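Take a look at the structure below.
Please treat every number below as a calculation from the coordinates, not as lab data. The structure presented is a predicted model; accordingly, all values stated were derived computationally and were not measured. Cβ coordinates were reconstructed from backbone atoms using ideal geometry, including for glycine residues, and neighbour counts include every protein chain displayed.
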Amino acid sequence: MSINTEFDFWPEERLAALVSCLAKQREGKPLPPKADERDHLPSEDDFIFWVDAVQQCDLLPDNDLHPTEEREDLLDVLAQELASAVHSELRGRTYTKVREGLYLGDLSGPESRLTLLLLGVRGVVTVASHDIERLWMADGIAYHTAIVDTSADSIGPCLPASCAFLDRHTTAFVCCAAGNGLSLLVCAAHLATSDRWASQGPGGPVSETPGELLRELAAQCDANTPFPPVERAALSAYCTWRFLQRTSPPREDSEEEEEVAPCTPVSKPAPAPSGPFSGISAIDLVKVACSTRKRARNEEELATSSSEEAESAATPQSKHAKPRAGPGGKGFGQTVEGAGRKPTLMAMVGGVASTMLGGL
């Protein structure tokens, strides 16, 4: 007799019992923030653990059908089979623990019901060219698909919804077909902009720039292919927009006008936007920075401004200089409009956009 090792089809109660056994084995043994849980599984030779797991999962047949000696031999066989099946199932999945409660990998991870339940995953974000089947919704796992097909210029328009989904699920799995493609951009955008990681997230706050985060994730996942410039620009534009949202004071017209996230600059002409997102260029980022970083002037600034306006009113400057008299009394050498004025340059507030773009 052998057990059914297709964990995806186990009854809910039996699978929950197995997950409970594996979780209890780690109780009192806190793992480092980026430690792989699979490295701390009970070994296949831990006979006592796997025998107990077989009994907890109710994998033995009824007592009346087998003598005591046969039951003991059968228990040993089932324990060995269960140990081998669990290690094969979990170690056959490709994923990386990025932070406590955040995993990054390929599609094999979310396909494994046992893997998701053992990791405690409550939300799965998949970057794909089509919608992905929501396999384990019955287990309380939520799904979001960032659809990036051949008509998309970049993943930029998908970042706001994907990051908002990850914010709502404290333990999440981000994946794509290979596990080292656009899912890294989604993960980097989430780490760089989420309040959870900016304050006191597990493993410490995130202080890296989006570019540094992307390089860190690429190194962890052995992603050697560089990302196209348009994708890196999309990451920078989104992170800049989120930074301005958090640091800008509320605008008086905020109730009337709803801010929307920028799309990445496109590399080819595109039709007029009709959805909730529209294109934004580098100069648009500057305008947003200047318009949203308004602050009230204090009394000293107001006094200085009033005195300057008074002086200006007392000694007005003519718009045009008078022409000098030339030979024969005729005018020549007339100055250009606005001559003598000093140009005023408006610096972009905080250099936000240049900093974010420079970090990639």
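Structure notes:
- In this simple spin-label model, placing a label point 7 Å from the Cα along the Cα-to-Cβ direction at both residue 9 and residue 170 gives a separation of 3.6 nm.
- With the charge dipole of region 95-224 set up from +1 on Lys and Arg Cβ and -1 on Asp and Glu Cβ about the Cα centre, the Cα lying farthest toward the positive end among the listed residues 154, 188, 169 is that of 169.
- Dimensions of region 95-224 from C-alpha coordinates, computed as largest minus smallest value along each principal axis and given longest first, are 37, 36, 26 Å.
- Take the Cα of residue 84, go 7 Å toward its beta carbon, and the backbone nitrogen atoms of region 4-32 under 18 Å from that spot belong to 4-7.
- Volume of the convex hull of region 7-91 (Cα atoms only), normalised per residue: 106 Å³.
- One Cα centroid belongs to region 58-134, the other to region 15-52; the line between them spans 12 Å.
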